[in-house]
Amino acid sequence: MVPPIRHIIKRSGQTAVYERERVTLAIYKAAAAIGGHDRALSERLTDQVEEALFATYTDEDPPSVEDIQDVVERVLIRNGHAATAKAYIVYRHERAKLRHRSDRAELQYIPYKTMWQMLDWAVDNDCESVAKLNATIDEGRLPTLIAATDARYESILDEASRAILDRRKDLRFIIVAGPSSSGKTTTMHKIAERLQGHGLHVIPMALDNYFFDLEMHPQDEFGDYDFETPEAMDLPLINRHLEALDAGRGIDMPRYDFKTGKRTTDTVRFEPQPGSLILLDTLHGLYDGLTAAVPSRHKFKVYIETIGQMRGTNGRWIRWTDVRLLRRMIRDSQHRGYSPERTILHWHYVRRSELKHIIPFQSTADFLVNSSLAYELPFLKLHLGNVFAPFLEEFRHDERRLDGVMRAERIHALLESIRSVPDDAMVPDSALLREFIGGSSYDVHA
């Protein structure tokens, strides 16, 4: 019988053939590291891994390498092989180090320089771990950390704006792109402020308004829509409009209502002035097909990602995508009419698209903005409340929802380790975090 999964997504976003033997060998090597040499047991555990994978993923929606590794860890722990699971975690780490030395094709997608700069800053500001963050909260130093974090972010945008001004003569479009909930909209507004301060005429433009009606997107077996791909947007209309703007002609931009999942009958008139700069806020701004009608010399591409460097109480680095999921859960609930549960269950579409359409193209960006906020976890916890425990109660034993359950378990444990705060009054209205928790001084949800 042909398995429902024949391919996987590599860290580079490229696809590769799924090989069962790789899973078995990884389990066997982890067991061998602590003295176990039972090939038959490794095969039986692989059977359970595949059972979980095949219930959750398909060849149209394949798992990533990390998804498979997470399932392996889960199966090992569930079957009472905690020591083997620990050895497997070490094995994953060692394989990662080996891969970083040998696979130069994938290294370009990992922003090591920015990661090191962030870790250096975190150490200097006493926030490189959850334990340090909790101590900051306990000792009343959170306002100081907020000020320092926001100042770091603002200084990055100062540098980005200077880079744009250096190329001002040729530019027509500034593209702010990056994965979901990385802070594109606030970043776009703040860059616009800086450019306007130098006397430039700037027009912010959100390409999310070019989504097709939701009913036109494919549905999965649960009725969820996949609207995370570039093709979910009206690419021909986008390119016609961008070509017109590039030539100095006005356009009537559509309006999209995320709560109804439809374009409205209203439009917004854009009339560029001679020399106007147009700021595009879009998930897939680095995807060539989105702006193919515009010459490369007329585009400045800013890539934004939450490149945090903080260890959890388990000693492992907090995943950037988990922080962005928390941001999106709050934003979707407050401004798009989606329940936190729905956002968790939809996230596998988000990750699949990021790995395929966003991350592989980040090296084409002209500038990288790190939107990680060292202080945000207690405020994200405050606004989410207790949503993960009920989710896990409902879906923990549904293998078809394994992807969401694994994420929820990991994030629930993280939030439980974070000190609570009574309110968010100390977060400035101009802070990037306000894009997600509400109260922003910018028009981030227009």
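The values are calculated or read from the model by the stated rules, or taken from the named source; none is laboratory data. Remember, it's a predicted structure, so these values are computed and weren't measured experimentally. Every residue, glycine as well, gets a Cβ built from its backbone with ideal geometry; the counts of neighbours run over all protein chains shown.
Say we look at region 413-446 and pick out the residues that are hydroxyl-bearing (Ser, Thr, Tyr) and closer than 24 Å to residue 203 by Cβ; which of these is surrounded by the most Cβ atoms within 10 Å (Cβ to Cβ)? Looking at residues that are hydroxyl-bearing (Ser, Thr, Tyr) and closer than 24 Å to residue 203 by Cβ, I get 440. For region 1-26, filtered to residues that are over 29 Å from the mean Cα position of the chain (by Cα) and outside any loop (DSSP other than H, G, I, E, B), the residue that is modelled with the lowest pLDDT is 25.
Of the residues screened, residue 375 is one that is farther than 30 Å from residue 248 by Cβ, crowded, with 23+ Cβ neighbours inside 10 Å and of a type in the set (Phe, Trp, Tyr). Here the condition is being surrounded by fewer than 19 Cβ atoms within 10 Å (Cβ to Cβ), at pLDDT 85 or above and among the basic types (Lys, Arg); of 74, 39, 92, it holds for 74 alone.
Against the conditions (1) closer than 30 Å to residue 412 by Cα; (2) free of Cβ contacts under 8 Å to residues at least 60 places away in the same chain, residue 264 satisfies every one except (1).
Residue 31 falls short on exactly one of the conditions (1) in contact with a Lys or Arg (Cβ under 9 Å, 6 or more places away or on another chain); (2) in a helix (DSSP H, G or I); (3) modelled with pLDDT under 85, and that condition is (1). Scanning region 322-353 for residues that are among the hydroxyl-bearing types (Ser, Thr, Tyr) and part of a loop (DSSP other than H, G, I, E, B) gives 338, 339. Only residues that are without any contact (Cβ under 8 Å) to a residue 60 or more places away in the chain and either among the polar types (S, T, N, Q) or under 13 Å from residue 182 (Cα atoms) (or both) were counted across region 315-328, and they come to 2.
All of 180, 161 fail the test of being more than 30 Å from residue 342 (Cα to Cα) and of a type in the set (Ser, Thr, Tyr), apart from 161. When residues in region 366-415 are screened for being outside any helix (DSSP H, G or I), hydrophobic (A, V, I, L, M, F, W, C) and at pLDDT below 95, 1 of them pass. Put simply, of 258, 270, 300 the only residue that is aromatic (Phe, Trp, Tyr), modelled with pLDDT under 90 and over 21 Å from the mean Cα position of the chain (by Cα) is 270. Annotation for region 416-428: no member residue is in contact with a Gly (Cβ under 8 Å, 6 or more places away or on another chain), not in a loop (DSSP other than H, G, I, E, B) and not charged (D, E, K, R). For region 182-214, the set of residues classified as of a type in the set (D, E, K, R), in a helix (DSSP H, G or I) and more than 23 Å from the chain's Cα centre (by Cα) consists of 193, 194, listed by residue number.
Scanning region 333-354 for residues that are touching a residue at least 24 places away in the same chain (Cβ under 8 Å) and touching a Pro at 6+ places or on another chain (Cβ under 6 Å) yields one hit, 354.
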